[in-house]
Amino acid sequence: MRAAAFCFLGLSTFCYFQGTSLDVARAAEPNPSISLPERTGVPGNDAISDYLDLDRTLQAIADGLASEDLSTQEQARLRGVRGDILLGLGDCTNAQTDFDAAVILNPESADAYGLRAVAGIACGNPYEGALSDAQTAIRLDPDSMYGHYAHGLVLLSQGLADSALAAFDEAVRLDPESMHGYWGRAQCYESIG
């Protein structure tokens, strides 16, 4: 599951940012000096390159983070976005560094904790930290689809498919249009048999 999950996690979490506070385009809105590509539609899981010029996006985020005009919350958003892109590209070390920074910059962000949990699982880091992050995400925002999704991933990675299924069911209930919970359910059903 780990290899398949890694590919799915990196690409799907990027897609998840569309419509959340950590969206690339919206993260740049408060500071007009940061120019990012326009959103042109919802990409498929395997079509990130059709959505953005990733090199240009990563450079724009780096330029934005170098700006002294960004609030702490804006810095956290950009760190989360960059971390998600890096995770999708397979750069676990730098993705984890950005997610850690996002949590430090905005410790009240359920998304930051949820993403750090996902990165922990995708990158093979200790499950205890990922479980704690997923639980913190849910505590901060009980209606966070992403927190429940991350919790399900942690449980599934520990071989607890029945418990993970309940977390994925909650993710689907909270956001029935997101592919995350459905994918998690499918992984659970495959594991359970």
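The values are calculated or read from the model by the stated rules, or taken from the named source; none is laboratory data. What you are looking at is a predicted structure, and each value in this text was computed from that prediction instead of being measured. Because the Cβ atoms are built from the backbone with ideal geometry, glycine has one as well, and the counts that use them run over all protein chains shown. For the accessible areas, the whole protein counts, side chains as well, though only heavy atoms, and no ligand, DNA or RNA atoms are used. Shrake-Rupley method; radii C 1.70, N 1.55, O 1.52, S 1.80 Å.
Descriptive notes on the structure:
- Any pair with Cβ under 7 angstrom, 6 or more apart, that starts in segment 49-66 at a residue that is within 10 Å of L78 (Cβ to Cβ) and ends at one that is open to solvent by 40 Å² or more (accessible area, probe 1.4 Å) and modelled with pLDDT of 85 or more: I61/R82; L65/Q75
- For G124: the one exception among (1) touching an Asp or Glu at 6+ places or on another chain (Cβ under 7 Å); (2) part of a loop (DSSP other than H, G, I, E, B): (1)
- Pairs with Cβ under 9 Å, 6+ apart, first in segment 82-97 and over 16 Å from I121 (Cβ atoms), second aromatic (F, W, Y) and open to solvent by less than 30 Å² (accessible area, probe 1.4 Å): I85/F14
- One residue from T13, T97, T40 being within 26 Å of T136 (Cβ to Cβ), among the hydroxyl-bearing types (S, T, Y) and at pLDDT below 50: T13
- A single member of T97, T72 is out of contact with any helix residue (DSSP H, G or I) (no Cβ under 6 Å at 6 or more places or on another chain) and of a type in the set (V, I, T), and it is T97.
- Selection from segment 163-181 of residues that are charged (D, E, K, R) and at pLDDT below 95: D175, E177
- Within this structure, G124 fails the test of being out of contact with any strand residue (DSSP E or B) (no Cβ under 6 Å at 6 or more places or on another chain), surrounded by fewer than 24 Cβ atoms within 10 Å (Cβ to Cβ) and under 15 Å from G184 (Cα atoms).
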